1. Can you give the calculated 222 nm mean residue ellipticity of the chain, where each DSSP H run of n ≥ 4 adds -39,500 (n - 2.57) and the sum is split over every residue, rounded to the nearest 500 deg cm²/dmol?
2. Kirkwood hydrodynamic radius of the range 151-275 from all distinct Cα pairs, in Å?
3. Cα centroid distance between the range 242-275 and the range 107-162, in Å?
4. Find, among the chymotrypsin sites (Phe, Trp or Tyr not before Pro) in the range 117-218, those assigned to loop by DSSP (not H, G, I, E, B) with at most 14 other beta-carbon atoms within 10 angstrom.
5. So what J values fall out for the range 159-168 if you push phi through Karplus, 6.51 cos²θ - 1.76 cosθ + 1.60 with θ = phi - 60°, rounded to Hz, Gly and Pro as x?
6. Could you compute the FRET efficiency for Ala110 and Arg56, with r as their C-beta to C-beta distance and R0 at 41 Å, rounded to 0.05?
7. Give the cross-link partners of Lys106 among the lysines, using a straight C-alpha distance below 28 Å as the criterion and excluding same-chain residues fewer than 8 apart.
8. Where in the range 1-95 are there chymotrypsin sites (Phe, Trp or Tyr not before Pro) that are in a DSSP coil and have at most 14 other Cβ atoms within 10 angstrom of their Cβ?
Amino acid sequence: MAEILATASIGVFDSGIGGLSVLQALHQELPWEHFIYLADAGYAPYGERDSAHVLRRSEAIARYLIESRKVKALVIACNTATAAAVATLRGRYPYIPIIGIEPAVKPAAALSRTGHIGVLATRSTLQSEKFAALLASQSPGTHLVLQACDGLAAAIEQGDTGSIARLAAQYLAALGPLGHHDGAVDALVLGCTHYALIAELFSSSLAGRCSLHEAGLPVARRARQLLLEGGLLRQAPPGTRAFELLSTGARHLLQAAADRWLPPADAVQSLELAT
Ligand code: DGL
C-alpha cells in the first residue's frame with residue numbers, strides 16, 4: 001500500500017457526463033482540490049446493462065485512478081455504479097475513502113407530507129440489492145413509486161433535447177398523481193446523476209407540486225468530512241486548473257457538458273481503458 005498524499009488528486013467517475021452534477025458540488029465544497037474526472041462513455045449507458053458489466057468497468061476505472069494515478073479518494077458519481085461496485089471496491093482498497101451516491105430517498109421522505117415519494121432512476125439501480133436495502137430501511141408509512149427511465153440518461157448524454165423532453169414527460173406521467181393532496185407524490189428523487197443535469201426541466205414541469213431531491217451536495221460534504229478525518233485536505237490551491245477531464249468515448253460530449261457546467265478546465269483527453 002502506497003503512502004497517501006494530501007496533495008494527490010481526487011478521482012471521480014461516471015458512465016458519462018452525469019457525474020458533472022456531483023463534480024460541481026465537490027468543487028464547491030473543496031475549492032482547493034484537484035479532480036480527475038473520468039467519463040466511461042465508451043462503455044455506457046450503465047443503467048440498462050447487467051450489473052456484471054458495470055462492476056467490471058468500475059473495477060478497471062478504480063485500478064486506473066487508484067493504482068496508476070494515485071488518487072487520494074474515489075467518488076463514484078453514478079448511482080448505478082455505486083449499487084454494483086461500491087462494496088467490492090471498498091473491500092479492495094480499504095486504505096482510501098471511497099464515496100458512493102445513492103438516490104436521496106431519506107431526505108425526500110423526511111420532507112414529504114403525503115408519504116408518497118417518486119423515484120426516477122436507472123433500471124439497474126432499481127433492481128439492485130443496495131436499493132432493496134434502502135427501501136427496506138424506510139418507515140412503514142412511506143410509499144415509494146419507482147420508475148425506471150430507460151433511454152433518459154442516453155438522451156441527456158447526447159444532448160438530444162427532443163427525446164429528453166418526451167421521456168421526462170412520459171416518466172413523470174407514469175408516477176401517477178403529483179401534488180400535496182392525499183395519495184399524491186409530493187417529493188421526487190432524481191436517482192441518477194444524469195437527471196440532476198435536467199433538474200430545471202423537472203422543476204418547471206412540476207410547477208411546485210413536488211420537492212426535488214438529488215444527492216450531489218451530500219456526497220460532496222461526505223467526501224470533505226472523510227478527507228478531513230484522514231488529514232487529507234489540501235492546504236493550498238493546486239497550481240493548475242482544478243479539473244482533468246478524461247473520456248473513454250466521444251470527447252466532444254464531455255467537453256460540451258464541461259463548458260456548460262464547470263469553471264474552465266483543460267481540454268478533454270481520450271483514455272483507452274480495457275476491462
Ligand atoms: N449517471 C448514472 C447514474 O447515476 C447512470 C447513467 C447510465 O445509465 O449510464 O445512475
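1. Values: 12 runs with 112 residues, N = 275.
Helices in the chain give a 222 nm mean residue ellipticity of -11500 deg cm²/dmol.
2. Details: mean 1/r = 0.0572 Å⁻¹.
Final number for the Kirkwood radius of the range 151-275 is 17.5 Å.
3. Rounded to whole Å, the Cα centres lie 27 Å apart.
4. Those that pass, being in a loop and sparsely packed, number zero.
5. So the J values, rounded to whole Hz, are x, 8, 5, x, 5, 4, 5, 5, 5, 4.
6. On the way: r = 36 Å, r/R0 = 0.87.
Here the calculated transfer efficiency is 0.70.
7. Result set, ordered by chain and number: Lys130.
8. Numbers: sites: Phe13, Trp32, Phe35, Tyr37, Tyr43, Tyr46, Tyr64, Tyr95; in loops: Trp32, Tyr46, Tyr95.
When the chymotrypsin sites (Phe, Trp or Tyr not before Pro) of the range 1-95 are filtered for loop state and at most 14 Cβ neighbours within 10 Å, Trp32, Tyr95 remain.
None of the figures in this text is laboratory data; all of them are computed from the coordinates on show. Bear in mind that the values here come from a model prediction, so they are computed numbers and not experimental data. Because the Cβ atoms are built from the backbone with ideal geometry, glycine has one as well, and the counts that use them run over all protein chains shown.
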